[in-house]
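Laboratory data are not the source of any read-out in this text; all were calculated from the coordinates shown. What you see is a predicted model; the values in this text were computed from it and never measured. As a convention, Cβ positions derive from the backbone with ideal geometry for all residues, glycine included, and neighbour counts pool all protein chains shown.
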Amino acid sequence: MATLTAVLLALLALPARAAAPSDIGVAAAVRGVVHASAPQAAGRVVETGRPVYALDHVTTAADGKLQILLLDETTFTLGPNSDMVLDEFVYDPASGAGKVSANMAKGVFRFVTGKVARRNPGDMKVKMPVGTIGIRGTMVAGQVGSDVATIVLIGPGRGNNADENPGGLTVGNDQGSTDVDTSGYGVTIRSGQPPSAAFELSPDQLRGILDGLSTSPSGAGGGGVDGSADKGSGQDSAEGKTHSQDALASLDASMPDTSQFASQVTNTVSGIVDGTANWNDVRTVETATMETYNGSGFLGGSYSASFVLEVNFAAKTLGGGSSNINGSNLSGSGSTNISSIDYSALSGAAQVNLYPYLSNQGMFPSASLTLVNKDGIAAKTAVIDVTYGSGIGNVSGTMSADRGLPQ
């Protein structure tokens, strides 16, 4: 009995074996020097294609950039001189349920929500020294310091044209909170003060945040002596290649690169979101010249149509002048003029029922116009849906054209 008691006491006196850290994702792209340390684990240089762990404390050097892909496809991108802890990651692949929490102590970042936040937006939080960010199914970027942070919604926000549910963010602290749901808008929050009202960031402000985030793996160096991808990043091992290729394939499918993000946001800085325009968008166009859309298309069978639409953006009118729609088939043709329409006081989507303004309504039983923002340019494209015929054998179709933009 005494011997058994002694053995038990000896076992109890042994140090407890530390649990292995939990693998929660992969370092999808690394450039420069990036370090990480998890509890009960030695610090390490982060290498492309290698795992990241729960409670990892990640820091980037002055030349360091990192992109992390978590198991639920949440993506974290860190720029130089950044410091972040992956506080919590719980994920059930079967249901998509879980929790994602990170603590961003300083630096430049971009977060793209994955399956956890898409299932329940309240399950993803980002902490900062000056407050917290709640992220709702979207892309967010920001710059964080010890006493001030600026956070911007990249998108998709309201009015996106990608068939995506609009996302948003909430920035808050003990003094208050601010919601943002428009791409290109953000919030500044200072220590001990409530967050600012949402405001539109200038292109320079956006570039200041986004330019440091590119993590193209083409020159990825994971901290090797010579900084090369082959020698320093772990990509020369089969395991490293598999992790990296799988992660980057998922990234390519779910998230464009930083240059695309910057382009997307710059396109929306002035409130011009690609997709169906609204009349406020159209009224922002400043030009002293008449601009013309010339379009054509097939309506089906032997039917075709074309249109000319003149728009005087200075006078806030469209139609008139030489504006017309022409239709034709093997047996003949028909045309109608489009009279002038004043859009200076119109509201909502930039769409017009053209039928009341047609000179030949018998030959064109219906026609409608939609102005579309494209490439961040207000009303760049005109789309006309038209029905052509004389009541027997009517054919409908769509035509579109970009306007003659000044060089």
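How much length is gained on full extension from residue 101 to residue 375, taking 0.36 nm per residue of separation minus their Cα-Cα distance? It would help to have the intermediate numbers written out before the result.
On the way: separation 274, 0.36 × 274 = 98.64 nm, distance 3.46 nm.
So the extension gain works out to 95.2 nm.
In loop segments of region 66-163 as defined by DSSP, the trypsin sites (Lys or Arg not before Pro) with at most 14 further C-beta atoms inside 10 Å of their C-beta are 158.
For the set 65/125; 316/380; 316/374; 65/115; 115/374, the pairs lying more than 27 angstrom apart at their alpha carbons are 115/374.
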